[in-house]
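Notes to accompany the following structure.
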Protein chains: 2
Amino acid sequence: MTVLFDKVCLIGIGLIGSSLSHAMRAGKLAGRIDVYDHDAEARTVTVELGLADQVHDNVAGAVMDADLVILCVPAGAVADLAPEIAKSLKTGAILSDVGSVKQAVVRDLGPHVPDKVHFIPGHPIAGTEYSGPRAGFADLFKGRWCILTPLPGTDPKAIERLQLLWEKMGSQVELMEPGHHDQVLAITSHLPHLIAYTIVGTATGLEETTQREVIKFSASGFRDFTRIAASDPIMWRDVFLNNREAVLEMLGRFTEDLTALQRAIRWGEGEKLQEWFTRTRAIRRSIIDAKQA
Amino acid sequence: MTVLFDKVCLIGIGLIGSSLSHAMRAGKLAGRIDVYDHDAEARTVTVELGLADQVHDNVAGAVMDADLVILCVPAGAVADLAPEIAKSLKTGAILSDVGSVKQAVVRDLGPHVPDKVHFIPGHPIAGTEYSGPRAGFADLFKGRWCILTPLPGTDPKAIERLQLLWEKMGSQVELMEPGHHDQVLAITSHLPHLIAYTIVGTATGLEETTQREVIKFSASGFRDFTRIAASDPIMWRDVFLNNREAVLEMLGRFTEDLTALQRAIRWGEGEKLQEWFTRTRAIRRSIIDAKQA
């Protein structure tokens, strides 16, 4: 394999940051990897697991001379880091991120990006319900999509370089407009997470005997929701706060549909239910055909 | 292994019925297996796969002389079958079922059961998103719970015999009152299915370009819902129609919680969101500890 970037700087070393380190090490894609994290414990784990050539408690120092800087922090942490990062960026560097919301990072980071730095927001559609620097692994991105949302006018060569990095880590890359990304993800990811968090929370509000039975008999459907609802709370808080409009729009549609089904149950409208449940089967078939199952 | 029942009659040969046949054959638990199904195609598949010693298109004939009769049909089909089954039941036979709602079967089948027949409703917490007689396999019940909901006064020896059958097929058996069963399953199974059906349906209502992207990027959470929403439409229609009260009650609680989170998103109440998302993580931990993950 060829080194694609002499110095890569990862800002934040949670599940995604640590997986990036593992994947770039495995593919010998980076000459060196520098890591910044604001959390002392995360920095200690980074050293322990050899995730970085150098670990920094100062973001400007970490960014210095890097050819590629990737933010791997919750959406809410970007605004505070932006000025610090911006002032140390090298001319010609690529600046990217891995966040689940793309308009927010354009809003919070975009205005700080110096000329001659290539700002290319990104979002790997990959994750697990585990978080933190110990949760990462080299294969996380293999067979997954990575969406890049460059703004108009971005140097195509820079996009190609970043795209190649993701491809070398096993991903397929798709380019998308940031606003459209946020809409698509609102229905495929943000709303499912919100609903899973809700129902698991609803279950914790039941009387204690029932709660024990909910856990015991969770294999009947509930279990799948608990896996999703175990995802990182801070990351997800920031997703909802930063993709508010698209999430509320999709939530509105969902609630209308749920109310219609609720009414069908109350009034015993079997045909309506059956028709709806038959239609949803077809979409599962499409997902299997698209090899995403 | 010992034969536990000389003649077993399975009424309905979908995913659960065919899995019962495979499991009883594998464990040599039944002297012979007779199958009734109202659907000619299902009967043909039953012969083709050797799921029965004899296949019947007449339910009374299938039930005749059976030591154990298990209904494996959607909840809505029980009422029509009940008088036919009842008139042919042998003295001392055990009559059970595998439905997801237990008060409804007590209501629809109970009054028809002759004296000296042991009526023991049952519900194996096992399934896949596939349906029909080709979907069954011998290990479906292995490591799964099976809930039995006998009425007060049922012969304990009959319960023990049925319990032993489920244990030999790899299940752990739990006894429960029918109404309590319906409440627990409303939250662990029926509501999750309703919500999954809803959101997958909501996605099919989006414009076509977005729909294609929903399928493409489904790995980000949506996919888990589509698996659930691919379950048998008729079976699930009947579940909702027959466990209406408990489902509507749980749905009411869910909607209240969802509205509270929606409000927190709209007003940017990050702490409320984070607190909720942290609490739901704990329940996942309990499920892993209970070895149900």
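Key figures
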item: Inter-centroid distance (Cα atoms) of the range B:230-267 relative to the range A:234-254, Å; result: 20 Å
item: Chain B, relative contact order [Cα under 8 Å, separation at least 6], %; result: 16 percent
item: Rounded to whole Hz, the Karplus (6.51, -1.76, 1.60) HN-Hα couplings of the range A:112-129, x for glycine and proline; result: 8, 5, x, 4, 6, 10, 8, 9, 10, x, x, 8, x, 7, 7, x, 9, 7
item: A:ASP139-B:TRP267 FRET efficiency (beta carbon distance; Förster radius 35 Å; 0.05 resolution); result: 0.30
item: Net charge dipole size for the range B:180-289 [Lys, Arg +1 and Asp, Glu -1 on Cβ; Debye, nearest 20]; result: 300 debye
item: Heavy-atom surface of the protein assembly as shown, accessible at 1.4 Å and reported per residue (Å²); result: 40 Å²
item: Dipole magnitude of the range A:5-176 about its Cα centre (Cβ charges: Lys, Arg +1; Asp, Glu -1), debye to nearest 20; result: 420 debye
item: Rg/Rg_globular for the range B:38-168, with Rg_globular taken as 2.2 N^0.38 Å and Rg from C-alpha atoms; result: 1.04
item: Three-way shape call for the range B:1-106 based on the alpha-carbon gyration tensor, with the a/c threshold at 1.5; result: rounded
item: Karplus 3J(HN,Hα) series, Hz, for the range A:206-214 with 6.51 cos²θ - 1.76 cosθ + 1.60 (x for Gly, Pro); result: 7, 4, 4, 4, 4, 4, 4, 6, 4
item: Inter-copy label distances at B:GLU207 (7 Å, Cα→Cβ; nm, one decimal); result: 5.1
item: Carbon plus sulfur fraction of accessible area for the protein assembly as shown, probe 1.4 Å, in percent; result: 49 percent
item: Euclidean distance of C-alpha centroids, the range A:186-211 and the range B:115-185, integer Å; result: 27 Å
item: Accessible surface buried once B binds A (1.4 Å probe; total of both sides; Å²); result: 8700 Å²
item: For chain A, built as a Gaussian network whose Cα springs stay under 10 Å, the top-fluctuating residue of A:PRO121, A:PRO156, A:PRO74; result: A:PRO156
item: In nm, spacing of pseudo-spin labels at B:GLU167 and B:LEU49 (7 Å Cα→C-beta vector); result: 2.8 nm
item: Subset of A:LYS142/B:LYS291; A:LYS116/A:LYS291; A:LYS168/B:LYS272; A:LYS272/B:LYS90; A:LYS272/B:LYS87; B:LYS102/B:LYS142 violating a 31 Å alpha-carbon distance limit; result: A:LYS116/A:LYS291; A:LYS168/B:LYS272; A:LYS272/B:LYS90; A:LYS272/B:LYS87
item: Sequence-separation-based contact order of the range B:1-137, relative, with Cα cut under 8 Å and 6+ spacing, percent; result: 29 percent
item: Expected 222 nm ellipticity per residue - DSSP helices of 4 or more, -39500 (n - 2.57), all of chain B, to 500; result: -15500 deg cm²/dmol
item: Amide proton proximity set for B:ASP97, modelled H, under 5 Å, gap of 5+; result: B:LEU71, B:GLY122
item: Cα-based reach from A:LYS216 at 19 Å (exclusive), listing aspartates and glutamates while leaving out same-chain residues under 8 positions away; result: A:GLU207, A:GLU208, A:ASP224, B:GLU167, B:GLU174, B:GLU177, B:ASP182, B:ASP289
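The values are calculated or read from the model by the stated rules, or taken from the named source; none is laboratory data. None of the values given here were measured: they were computed from a predicted structure. Ideal geometry is used to build each Cβ from the backbone, glycine not excepted, and the neighbour counts take in all protein chains shown. Quick note on the areas: whole protein, heavy atoms, side chains included, nothing else; ligands and nucleic acids left out. Shrake-Rupley method; radii C 1.70, N 1.55, O 1.52, S 1.80 Å.
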